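Novice: Dropping the structure in here first, questions after.
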Amino acid sequence: MYWRWTALSVYLVICLYDFMVVPIWYGLHRPDLEMFVNILNTVEDPLIQLELMRVKTGQHNPFTLMNGGIFHLAFGAILTGSAFGLK
């Protein structure tokens, strides 16, 4: 009986971590713009400059949405199946 609440709690913690905690952390730990421009100006190779620009302008991609969101579909099936099994 308790596994349903445990599965729900685990799913909610994973979603909060993936959609709230990691993007906030990712946004707060970006390089400072002035320091970033100084480093960018000292590099001569354009390919390295391009990679540095990707670091500055990149965004977090939620881990649970990879592979078409199969993670959410699986947890939805587990939680829905357990809810219908109660009746």
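Novice: Would you confirm whether any residue within the stretch 71-87 is exposed (fewer than 12 other Cβ atoms within 10 Å of the Cβ), of a type in the set (D, E, K, R), more than 14 Å from the chain's Cα centre (by Cα) and within 30 Å of Y2 (Cβ to Cβ)?
Specialist: Checking the stretch 71-87: at least one residue is exposed (fewer than 12 other Cβ atoms within 10 Å of the Cβ), of a type in the set (D, E, K, R), more than 14 Å from the chain's Cα centre (by Cα) and within 30 Å of Y2 (Cβ to Cβ).
Novice: Where in the chain are there helices (runs of 4 or more DSSP H), lying wholly inside it, with at least 3 residues that are at pLDDT 90 or above?
Specialist: Details: elements: 2-16, 22-28, 33-42, 46-57, 70-84.
Ranges flagged: 2-16, 22-28, 70-84.
The values are calculated or read from the model by the stated rules, or taken from the named source; none is laboratory data. Since this is a predicted model, take the numbers as computed values, not measurements. Don't worry about glycine lacking a Cβ; one is built from the backbone with ideal geometry, like all the others, and counts go over all protein chains shown.
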